[in-house]
1. Mind putting a number on the dipole of region 343-405 about its Cα centre? Charges go on the C-beta only, +1 for Lys and Arg and -1 for Asp and Glu, and I need it in Debye to the nearest 20.
2. Which one, V10, L97, L83, projects farthest toward the positive side of the charge dipole computed for region 1-125 from Cβ point charges (K/R +1, D/E -1)?
3. Just to check I understand the Karplus step: with θ = phi - 60° and J = 6.51 cos²θ - 1.76 cosθ + 1.60, what whole-Hz values come out for region 238-246, glycine and proline as x?
4. With θ taken as phi - 60° and the coefficients 6.51, -1.76 and 1.60, list the Karplus ³J(HN,Hα) couplings across region 178-189 in order, rounded to whole Hz; mark glycine and proline as x.
5. So how compact is region 310-487: Cα radius of gyration and Dmax in angstrom?
6. Skipping prolines and chain starts, which residues have an amide H placed within reach, meaning under 5 Å, of the one on F462, given they are 5 or more residues away or on another chain?
7. Direction-averaged shadow area of the convex hull around the Cα atoms of region 6-131, nm²?
8. List the trypsin sites (Lys or Arg not before Pro) within region 364-412 that DSSP assigns to loop and that have no more than 13 neighbouring Cβ atoms inside 10 Å.
Amino acid sequence: MLNDTKHIVVIDDEKYICNIIAEALSEFDDYQLQKFSNPADAMDYISANSVDLVLTDLVMGDYSGVQILEHVLKFHSDAVVILMTGYPTVKTAISVLKKGGYDYLIKPFKLDDLKSTIKRGLDNQQIKRENVELRSQLELMTVADEISRGVKMPQLLNLIVNTAVSVLPGSSAAILLKAKKSGHFRLKCMAGSYGNTSIEKFLRGEDNKRQKESDFKQLWSLDEEIKEDGIELKRSYISYPLISRDEIVGMMNLVYTGPFSYISPGQKRMISLLVSYAANAVESNFLDKNLRNSYFQTIKTLANAVEARDRYTAGHTDRVYRLARIIAGEMGWSTTKLAELRTGCILHDIGKIGVPDSVLNKPDRLTDFERNIMMKHPELGVKILHGIPFLKPAMPYIIAHHEMYDGSGYPHGLKGEDIPIEGRLLAVVDTYDAITSDRPYRDRRDPQIALDELKKFRGTQFDPEIVDIFLKAFDDGLIKQDVISRGQSSLKMKMLMPT
C-alpha cells in the first residue's frame, strides 16, 4: 500500500477482536503489526518503539482509549489514532477529535470500513510528513537565497547550523574551520541543545569518539544507544567534512538524539546539502579576501606613492587617522564604522596621484590655475576607486573632506548636514594637521594656533559640534601632539579591511 514500512498497534481487551483485525490487515503490504489485549503492555511498547498508527478500544477496564490517545501523541506527535467503541455518543466523538484522534469506528464495524479508515489515516499522515519535508526543503532554499544575496560568512554559517537544527528536531550542530597556520579546527558557531557535556565536546571537536588518525576528508558517524533519566534513546554522532578544492577547510559536527531510531540516510543527505553550502561559503570568502587583498595592495601602493611624491605631507594620512580615530571614538562610532574610517583616512588624498609634482611640491602659494588643478583631486580620487564595492564606504571621505559647513567648499558646495559626516569630521582633523605640520610654503605652527583657527571658523568652515568635540578632547589630554606626530615619516601604511 505504501512505499515504507508502517508500524501499526492494535489494542483491545478482547483478544478475538485483535485477531480479527490482524487477519483483515494481512492483505496490506509493508507493515508491521503488534496486538495487545493488555493496555499497560501496549503503552510500554508505544513509549519505546516507533509507531505510525494505533487502533484502540475506547473502554478497557481501568484504562480508556483517551488515555491511550494521549500517551501515543506524547511520544509520536504525528501518529494516527483511531478509536473503536460500541457505545457511541456525540460527546465522546467530539472529545476524541479534540484531543487529536483521527477518527472513531462504531462496533460492530465492517472490515472494509476498517481498512478504508486505516488507509485514509495513513495517506493523510503521509501527506503531512511530505509537507514537513517540503518545509525543510524550503528552509534549505532560504540558505541558498542568502548565499546568492552575498550574506557575510559569519551570518551564513550561523544560518546553516540553525537550519540543520530546525530541519532535524532533536539535534545540535556546530561548524569548525581549519586554521591555515596551525591546522587546528576552531569553533565558529553552534546551535541546538548541547547542555550535555558529551554532546558539547563532540560538537567542539574536543572528545575522543573519533580516532585522531581517521581520514577527516571522509564522512564519519557513530550510532550508540544511551539512557537518560531512565529512558532508552538512540543517538547519532556525525562529522561532515567541508571540502574546497580537494582540501578540507572545516567540519560540521552534528548530534541527533531520537527515541526510536538513528539519523536516517535521507536526513544525512539533507544535512550534506547544507554542508556543501558551508564549504562554498568558505571558498567564496577565501576568494573574496584574496581579491580584496589584491585591491588593497594596489591602492596602498598608490597611496604611498602620493606621500612619496609630496615630501611635506609624508605621514599626513597616518596623523589624520590618529586624530579622526580619537574624535570618532568620542562620537560613539561603531567598530565597523571605525574600520571604514581607517580606510577613508588613508585614501582621502588618493586623487593627488593625478596632480603634477610642480603643483604638489610648489614652495610658494598656488596660482588660481594651480589651485583649480589641486581642487580636482577629490573627484579624481572617486574616479580612481569607482567600481570597487568594498571601498564604497571610503567615498564620503574622499569626495567631501574639502566641503565647508557654510557651503563655500568644493567640489559640490554642499552645506551643513548635507555634507556627509565623514567629510565634516575629516575637514576638522585635516585642517588641524595641515597647520601643525610643515608645508611647502611655511614651517609647522603651534597647536594653539590650529585650535584658534578651528574656533574662528566654527559654524562657517567647520561643523560646530565636531569642533566642540575636538576642543574638549584636546583639553582632556586625548590629543597629544607627540603621539599624533609619530606618523610624520611613516610611509608604510596598514589598512583595516572592511568586512
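1. Computed charge dipole of region 343-405: roughly 140 debye.
2. Going by the Cα projections, it comes out as L97.
3. Residue by residue, region 238-246 yields 10, 10, 9, x, 9, 10, 9, 6, 6 Hz.
4. These are the phi-based 3J(HN,Hα) values: 7, 6, 5, 6, 7, x, 7, 8, 10, 5, 10, 7 Hz.
5. Answer for region 310-487, Rg first and Dmax second: 15.4, 42 Å.
6. Those lying under 5 Å, H to H, from F462 are Y405.
7. Average of the hull's projected areas for region 6-131 equals 7.2 nm².
8. R365
None of the figures in this text is laboratory data; all of them are computed from the coordinates on show. Nothing here was measured: the structure is a model prediction, and the numbers come from that model. Because the Cβ atoms are built from the backbone with ideal geometry, glycine has one as well, and the counts that use them run over all protein chains shown.
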